[in-house]
Amino acid sequence: MTESVRLKSLIKDSYTALAEKATQGQACWAAFRLARGLRLFAELLIPQRFFRTTVAVADPANGRRASFTVWGNKSGVWYLSRCFERSGLAVHETRDSQMTSTPPSIKFVWHNCAVSWKFRQNGWLVLPGQVRSQVDLSRGMDAVRARFLRSAKAAVRSITRQGLVYHIVPCDEILRRFYDEMYLPYREVRFAGNPIVKDFESVRRFAKGSVMLAVTDSRAKPPPKLEDMLGALIIRQNGKSATADLPGLNGDPLVALERGVVEALYYFSLEWCSSRGIERLDLGQSHPFLDDGILRFKTKWGATVEATQAGVHNLAVRFVDNGWLGRHFLANHPPIVYCSHKPPTADRKLPTPGLIGVARLPAGELSYRGLRRLWRSRMINGLRELLIVSDPDSPDESQRLAAQFPGVRILPCYDLRYLAEAVNSLSR
């Protein structure tokens, strides 16, 4: 039996014994509350389905080796490993830390958001487990189009040239077929190796009282059959706000992706919600990294990134050394971190903190051109500021350069082991 299991067993036994005595008088109430709090803390910090994984990393370009550890579930380990693979590194996962020849350079811990403030107090960077992308529709569709990025405007022109149109259909009768024939195949292609899917019961609950937006070509007759749909997603309205989620594609998902069906789904969702008087559209969740493809896709439609809190596991990050892997991580996968994190209030509500992006730029690239490139590629709506970690030769000159870009701040940091303390101290 591991230490964590013994700890939870001891706290659970103490909690049960004190709960029986709590009805005998007020004297035991304080002890009961303390035991309940300790049990909750143990369950949140050390969930049963989480385990520790050590991932060995190698750079094929120069033969450098390092490793990082992840305390989390299979999905969390898979995503972090895939991040390093995207930036050209070779990874190898193992449950046994003795299989790697080097100590870990970075530690990642997935944990419940109720204890994130404790991690932050102890020198960890805390990332939201997921971030949401919200589009403000209150000023009309013309104002939304004005915030589109260049890639979104090009996608709209392509949608118009192909003659794609949308239809609103009830989803109750075709929900099962949509789940099996459109949603699951798309997720398997989009997340190859570890598809992140919702079970049908979760989809059915989300779709209750919702509508389905289906994209077809102009030849399809309304109402379209499932065979005529190129893609579809579900829109759930709640007063003046709505959520567009669970996209699925018909036929070969790769062909539909090349044709821009996913872009059409989200663009038509904005148009339909705006025509219905909806003031805020939630485009769903994304991972908290500025290089995340899903996040970049959603923000190109003028979306603002916001943190999610309820029922989400956050991610704590600590740099164990000042090695090359930490610098590689910040340069290629800039995290979105909380710029403040307070304990739960007396009514058990978690204050929603602001978000900042943390990226790295080597001192040799710290110029107007380098800052402009980083600002244009990493700054997104919703970030309080973009912190650029560097080791500048002239800190004063670097601050003058940063002043030319809204929301950018240079954070001199010559040792990544002290990065979390420097970032967290900015909002105290």
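Backbone amide hydrogens, once placed in the peptide plane, bring Val408 within less than 5 Å of Leu386, excluding anything fewer than 5 places away on its chain.
Annotation: amide H-H contacts under 5 Å for Gly354 (H modelled 1.01 Å from N, sequence separation of 5 or more, or interchain): Cys339, Ser340.
Rounded to the nearest Hz, the phi-derived 3J(HN,Hα) couplings of the range 296-307 under the Karplus curve 6.51 cos²θ - 1.76 cosθ + 1.60 (θ = phi - 60°) are 5, 4, 6, 6, 5, 8, x, 6, 10, 7, 9, 7, where x marks glycine and proline. Other residues lying with their Cβ under 12 Å from the Cβ of Gly293 contribute a combined charge of +4, Lys and Arg counting +1, Asp and Glu -1. Scanning residues 5 or more positions from Leu383 or on other chains, those with amide H under 5 Å from its amide H are Val305, with H placed 1.01 Å from N in the peptide plane. Model label points for Ala58 and Arg150, set 7 angstrom from Cα along the Cα-to-Cβ axis, are 4.0 nm apart. Using 0.36 nm per residue and subtracting the Cα-Cα separation, the extra length available between Arg139 and Glu258 on full extension is 39.7 nm. Counting every other Cβ atom within 10 Å of each residue's Cβ, Met141, Met229, Met212, Met379 order from fewest to most as Met141, Met379, Met212, Met229.
Across the range 137-282, the mean sequence separation of Cα contacts (distance under 8 Å, 6 or more residues apart), normalised by length, yields a relative contact order of 30 percent.
We did not get these values from a lab; they are worked out from the coordinates using the rules stated. Being a predicted model, the structure only gives us computed values, none of them experimental. Cβ coordinates were reconstructed from backbone atoms using ideal geometry, including for glycine residues, and neighbour counts include every protein chain displayed.
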